[in-house]
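Report on the following structure.
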Amino acid sequence: MQVSARDGGVRAYGRKSPSRAAAAVVGVALVVLAAAAAGLACAKDDTAFRYRTYAEIVQTLRNTSAANLAILKLDDAQSRFRIGTAGQCEEFVGSSFSDGVTEPVECKQYYVTLTNHATWSQDKTRPQMLISGELHGNERVGPHVSVELILMMVKMYALGEGEDSTEVSRWIRYLIDHRVLVIMPMANAVGFEMNHREEVQDNGHSFDPNRDFPFNQKTSACMQTFAARAINELFRAHMFQLMITFHGGTNVIGYEWGDYGHCSETGACEMAPDHALMDAIGARMKQTAGPAGTYEREYTLGSMGSTVYPVNGGMEDWAYGASWTGDEIQCNPVESSSTYAPKKTARDPALHRCVTYLVETGDQKIPDEGSLGTADAILVKGGTGDGHIPRNIRLSIAALDALQPYARVVGSNMEEMLNGRAAKFTLRIVPGGLFTLDAAYLQWSTTKSAKMVQSGATDVLYSDERLQFVGSDGSVFPQRVLEFDFFAPLPLDSPIYFRAVVLADSKLVSNDSQSHLAGARSKEDWSFSANSFAVHSSAAFVSATHMISFTSSGAYLMEQVASDPGWGFDGDLYANDPSGGAGNGARWAGVDKAEGNDDEEEGDLAGTSDPMKSMTHPQLLKLFGIIFGCIAAAALIVVGLIWVLRTLRKRAAAARGGDRAQEMETLSAWEWSEGSSENEEV
Ligand SMILES: [Zn+2]
């Protein structure tokens, strides 16, 4: 009854009220659509970039650093360097967003140091980069690029580890592990707070921070601002190789020169000695950035003097040239609200060789908030929500990547081999931080502490290849994957240690280079140290050492291992180029072991007189070619001889046959007449 009644009820409803049913369906659909739209709107709101106040930026830095202490250290120039302050800024009371109440405190120049801090203490040559979000307080894009870059980096670092990691997140994690990125979002803190170009000091004086550096400037007219002092102190405490300084008002990526000492009034500038590398990095930054969505066209690239205008006392020329060109200037800023010791601007031979990019983020110093973009696809050029912030995050990452050439071991084809889909063992290497790949190869050993240069190497890839950084789909990361095949049988149950070696960018540096960025990738002896940091030249760049081990049961393991001092090169990497021949065995040392020739292993690693082991892959191929050729030639000769002999025999037989016919007649005649024993031959 109950079932029947319900059934009837439904039927009655269906029969008597079709319009109500339709209305209900439409209503439900509308609710669903509205909810979806609301969800989309919320999602969009969650990822859309927006302008923040000084207090909001400071609080965001505090919270983000507190949650990511291993990689993000927050400091301020006032606490660290005791430089005093220009004025008052609002900060949240109790250092919390939740109260929403601010109070005036002294303006501070906060900065973060983004790197793997645990390993940095053991790695004092890790290359360092500085980003200044602004020197002019009313140029608002740069500070927000700085903050959103920090947020993206820490997020990517966490994503870059574990099974859910992606190619991009693993790469970003690598960059944080292998670079030091110092970011000061608001160097002109009081200017940002007031949304004012210059730094207004509490004595009523106002100065332009980007005319305030000791380069082509009067001693009384530099280090007047706390903005310039904060940057100067960062330089005194680090050893920066590359800097981006954000501004706004035009749409330019500019590099040195930009001062009246090197440029004319009309903006015709001398070419800097590091021009080739500067231009290559700038071109990649420009390409990686692209347009700011539909809001701003692609950047113009060139010298600052020609694309913007020349200045005196600019931060960029000072950062790049104050160690080695122009007059030493020790500042004595008498009009500033506080004094600054002249010795703090004494010339240092190591600290001002920093290639610097002036990024003018667009014609509008404060573009519409809607043009800032979203966090949906920051590292995809032209991707969803592209705008001012995504494109400048991308160019910052491109510069960070370019700090130093490297090779990353990203995988192998072992799965395919174990499944029988591949015959050769292949290792995959991604070269990065470089522009032109000159050569690459793998070094390997069967012992972790082996003398790498004497163990073995793969075939060398020689190249003049210009590496791509932006994929056809807009993806931003080093695009090239190198594959190295091992032709020899793989040893079982015995680990192999290997690392990749890349040689790069030889055409972008010269003996005239003055920057650490160029000197560090030069063959020449470039060596500077300061503040316990150092920059040394290197003709080749090696990956982390990896170990791979596979067993007869089919299991395998590949992992990064701690580098051992024994893996060091002996200085001249070109001498170790395996194509040079001697000392680089092309076979796996473990093959001998697998074959039971244990005695030979030691000799193999130490370098041996066995000619097979002192040959490279191409040489071995040549040898095999010669052997094969000899065998083939011998076979041809044998076949030919057989053919010749058989032909001769046939001809002889044919000749005998002809004679025989005649003979037969003769013989027959003779036989008939006389008889003969020769008939037996027929
Ligand atoms: Zn500016």
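Below is a table of values for the structure above.
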read-out	value
Condition met for Ala187 (buried (at least 24 other Cβ atoms within 10 Å of the Cβ), within 16 Å of the ligand (Cβ to nearest atom), of a type outside the set (Asp, Glu) and not in a helix (DSSP H, G or I))	yes
Test: residue in region 210-231 that is in a strand (DSSP E or B), modelled with pLDDT of 95 or more, within 16 Å of the ligand (Cβ to nearest atom) and touching an Asp or Glu at 6+ places or on another chain (Cβ under 6 Å)	no
Selected residue (only one of Arg408, Arg347 is under 30 Å from Val535 (Cα atoms) and assigned to a loop (DSSP other than H, G, I, E, B))	Arg347
For Lys365: the one exception among (1) touching an Asp or Glu at 6+ places or on another chain (Cβ under 8 Å); (2) crowded, with 24+ Cβ neighbours inside 10 Å	(2)
Residue within region 277-297 that is among the basic types (Lys, Arg), away from the ligand (no atom under 16 Å from the Cβ) and in contact with a Pro (Cβ under 6 Å, 6 or more places away or on another chain) present	yes
Residue within region 131-145 that is out of contact with any Ser or Thr (no Cβ under 9 Å at 6 or more places or on another chain) and more than 16 Å from the ligand (Cβ to nearest atom) present	no
Single condition Phe498 does not satisfy, out of (1) touching a strand residue (DSSP E or B) at 6+ places or on another chain (Cβ under 6 Å); (2) surrounded by fewer than 22 Cβ atoms within 10 Å (Cβ to Cβ)	(2)
Flag for Val182 being more than 16 Å from the ligand (Cβ to nearest atom), in contact (Cβ under 8 Å) with a residue 24 or more places away in the chain and of a type in the set (A, V, I, L, M, F, W, C)	yes
Residues that are acidic (Asp, Glu) and modelled with pLDDT under 95, drawn from region 178-209	Asp202
Residue that is nearest to the ligand (Cβ to nearest atom) [pool: residues in region 362-395 that are of a type in the set (Asp, Glu) and in a loop (DSSP other than H, G, I, E, B)]	Asp363
Subset of region 208-225 (residues that are over 27 Å from Met153 (Cβ atoms) and buried (at least 24 other Cβ atoms within 10 Å of the Cβ))	Asp212, Phe213, Pro214, Phe215, Cys222, Met223, Gln224, Thr225
Those residues of region 297-309 which are within 15 Å of Gln364 (Cβ to Cβ) and surrounded by 21 or more Cβ atoms within 10 Å (Cβ to Cβ), in sequence order	Tyr299
Among residues of region 98-130, those that are hydrophobic (A, V, I, L, M, F, W, C) and either within 16 Å of the ligand (Cβ to nearest atom) or surrounded by fewer than 13 Cβ atoms within 10 Å (Cβ to Cβ) (or both), counted	2
Residue in region 162-173 that is surrounded by 22 or more Cβ atoms within 10 Å (Cβ to Cβ) and more than 30 Å from Gly326 (Cα to Cα) present	yes
Residue that is nearest to the ligand (Cβ to nearest atom) [pool: residues in region 241-271 that are of a type in the set (Phe, Trp, Tyr) and in contact with a Ser or Thr (Cβ under 8 Å, 6 or more places away or on another chain)]	Phe246
Qualifying positions in region 243-282 - under 20 Å from Ile397 (Cα atoms) and assigned to a strand (DSSP E or B)	Met243, Ile244, Thr245, Phe246, His247, Asn251, Val252, Ile253, Gly254, Tyr255
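Conditions (1) within 35 Å of the chain's Cα centre (by Cα); (2) more than 29 Å from His117 (Cβ to Cβ), marked per residue:
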position: Asp164; (1), (2): yes, no
position: Glu167; (1), (2): yes, no
position: Arg170; (1), (2): yes, no
position: Arg173; (1), (2): yes, no
position: Leu181; (1), (2): yes, no
position: Met194; (1), (2): no, yes
position: Asp202; (1), (2): no, yes
position: Asn210; (1), (2): yes, yes
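The values are calculated or read from the model by the stated rules, or taken from the named source; none is laboratory data. Quantities reported herein were computed from a predicted structural model and do not represent experimental measurements. Cβ atoms come from the backbone with ideal geometry, glycine included; neighbour counts cover every protein chain shown.
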